[in-house]
C-alpha cells in the first residue's frame, strides 16, 4: 500500500458492465509529475471525489499497458486555507 498527496486535476466517470459507477482520476503529485488513479465502485462509494483540492490517497500500485497507476482503497480531501489575496 502506498500513500501519496495529489492535487486533483480531473476525473472520468464510467459504468461497469453491471451499471455501477467507477472513475479514473488524474492528479499532480508533490514532485510536479502527473499520476493516474482507478476508483472501483465499492471504494468510490465510500471515498468519493469532493471537488478541487489536495487529497491524501492510499492504494495499490499497478501497471497497465506499461504505465503505472494507483488502485485507490482510501481517499480523503485535505483541508486547506484559501489565499485571501484572491478572495471575493
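Just so you know, all these numbers are worked out from the coordinates, no wet-lab data involved. Owing to the predicted nature of the structure, the values given are computational and were not obtained by experimental measurement. With ideal geometry, Cβ positions are generated from the backbone for all residues, glycine too; neighbour counts draw on all protein chains shown.
Points to keep in mind about this one:
- Each helix, a run of at least 4 DSSP H residues, gives -39500 (n - 2.57); summed and divided by the residues of the chain, these come to -1500 deg cm²/dmol at 222 nm.
- Taking 0.36 nm per residue of sequence separation and removing the Cα-Cα distance, the residue 86/residue 65 pair yields an extension gain of 3.4 nm.
- Structure-derived Cα extents along the principal axes in Å: which label, when the choices are [x] 34, 34, 23; [y] 47, 28, 19; [z] 65, 44, 24: [y]
- Least to most buried among 2, 72 (fewest other Cβ within 10 Å first): 2, 72
- Likely footprinting exposure, 83, 13, fewest C-beta neighbours within 10 Å first: 83, 13
- Net length gained if the chain between residue 77 and residue 45 were fully extended (0.36 nm per residue, minus Cα distance): 10.1 nm
- Of all DSSP bridge pairs formed entirely within the chain, close to 95 percent run antiparallel.
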